[in-house]
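Only one structure is covered here, and it is reproduced in the block below.
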Amino acid sequence: MKNRLALVVLLLSTTCFAGVDEGMAAYDRKDYTAALAEWQPLANQGDAQAQARLAQLYEYGLGVPQDMALAALWYLRSAAQGYAPAQFRLGVMYDCGEGVLQDTTLAAQWYQRAADQGHARAQNNLGMLYEDGQGVPQDVTLAAQWYRRAAEQGDVHAQNNLGSLYETGQGVPQDAAQAAQWYRRAAEQGDAHAQFNLGSLYEKGFGVPQDAAQATQWYQRAAQQDYAPARKALGISQ
């Protein structure tokens, strides 16, 4: 009897997983109506991943009228089950006041839950709240720790943020060479902020040999993404 029950549970979970995957296939081909048809029944049944995917449709108005409040509701249902991507998105909504009243304390709590599960973007955003003292006591040392966790997973925003702390010596000992290394990791992934910051280090000769050509090269890469400080550094009119 136990084996039969286990088989039934396995079959049900496999079916749900397939439905989520079929919804993703429809989403990837921009057939949002089909994605909705796959995810809505599963979300109603309590599938956390389907709930988060359904929330995404409402958040961006894909296949449904945009409804931030309904998006927040579905993210909450998913997040309450421990699904880290939903916890992160719910944190963003509280952080920005989208679909819910802005509440950085709640944002920090949801970021924390996702960050504890290793969600890199949540780790970065939690670090930002600690750096600024928003929703949590200001603690730049703790901010640096969260940035590092996300940066080591390849998150470009965290790499740039960690580089900034090393450049200024906040939360970590000042180390221009470390700053350059973290900026470079993000810059090589195409992050305009980091490209500009790395160019600035080359211009000043801080943490890297002074090199005007390298500075210009990185400024140009940032300017190509219409990053205003880089355009200004190159003397490009707005």
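Checked against (1) crowded, with 18+ Cβ neighbours inside 10 Å; (2) under 16 Å from ARG184 (Cβ atoms), GLN214 meets all criteria but (1).
Just so you know, in segment 27-39 the residues that are of a type outside the set (D, E, K, R) and more than 15 Å from TYR75 (Cβ to Cβ) include one that is most open to solvent (accessible area, probe 1.4 Å), and it is THR33. Contact map, segment 58-69: residues that are farther than 17 Å from ALA86 by Cα paired with residues that are not small (Gly, Ala, Ser), Cβ distance under 6 Å, separation 6+ or inter-chain. Pairs shown: LEU62/TYR32; GLY63/TYR32; GLY63/THR33; GLY63/LEU36; GLY63/LEU57; VAL64/LEU57; VAL64/TYR58. Do any residues in segment 70-85 that are within 18 Å of ASN125 (Cβ to Cβ) have Cβ atoms under 6 Å from those of residues that are among the β-branched types (Val, Ile, Thr), where the two are at least six apart or on different chains, and which pairs are they? Hits for this filter: ALA72/VAL100.
Residues in segment 53-70 that are among the small types (Gly, Ala, Ser), open to solvent by 10 Å² or more (accessible area, probe 1.4 Å) and either in a helix (DSSP H, G or I) or touching an Asp or Glu at 6+ places or on another chain (Cβ under 7 Å) (or both): ALA69 only. Please tell me if LEU73 is open to solvent by 60 Å² or more (accessible area, probe 1.4 Å), farther than 25 Å from GLY154 by Cβ and not polar (S, T, N, Q). Spelling it out, LEU73 is indeed open to solvent by 60 Å² or more (accessible area, probe 1.4 Å), farther than 25 Å from GLY154 by Cβ and not polar (S, T, N, Q). Remark: pairs (first residue in segment 183-205, closer than 14 Å to GLN220 by Cα; second residue among the hydroxyl-bearing types (Ser, Thr, Tyr) and not in a helix (DSSP H, G or I); Cβ separation under 6 Å; 6+ apart in sequence or on different chains) = ALA192/TYR227; PHE196/TYR227.
Conditions (1) at pLDDT below 95; (2) of a type in the set (A, V, I, L, M, F, W, C); (3) in contact with a helix residue (DSSP H, G or I) (Cβ under 8 Å, 6 or more places away or on another chain), marked per residue:
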residue	(1), (2), (3)
LEU90	no, yes, yes
ARG121	no, no, yes
GLY133	no, no, no
VAL140	no, yes, yes
GLN159	no, no, yes
ALA177	no, yes, no
TRP182	no, yes, yes
ALA192	no, yes, yes
GLY199	no, no, yes
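Out of curiosity, is THR168 among the β-branched types (Val, Ile, Thr), within 24 Å of ALA222 (Cα to Cα) and over 15 Å from the mean Cα position of the chain (by Cα)? So THR168 fits the description; yes. Sub-6 Å Cβ pairs linking a first residue in segment 214-238 that is under 11 Å from ALA192 (Cβ atoms) to a second residue that is of a type in the set (Phe, Trp, Tyr), at least 6 apart or interchain, are ALA222/PHE196; TYR227/PHE196; PRO229/PHE196; ALA230/PHE196; ALA230/TYR219, ordered by first then second residue.
The values are calculated or read from the model by the stated rules, or taken from the named source; none is laboratory data. For clarity, every value in this text was computed on a predicted model and none was experimentally measured. Neighbour counts are summed over all protein chains in view; Cβ atoms, including those assigned to glycine, are modelled from backbone coordinates with ideal geometry. Note: areas computed on protein heavy atoms with side chains; ligands, DNA, RNA excluded. Shrake-Rupley method; radii C 1.70, N 1.55, O 1.52, S 1.80 Å.
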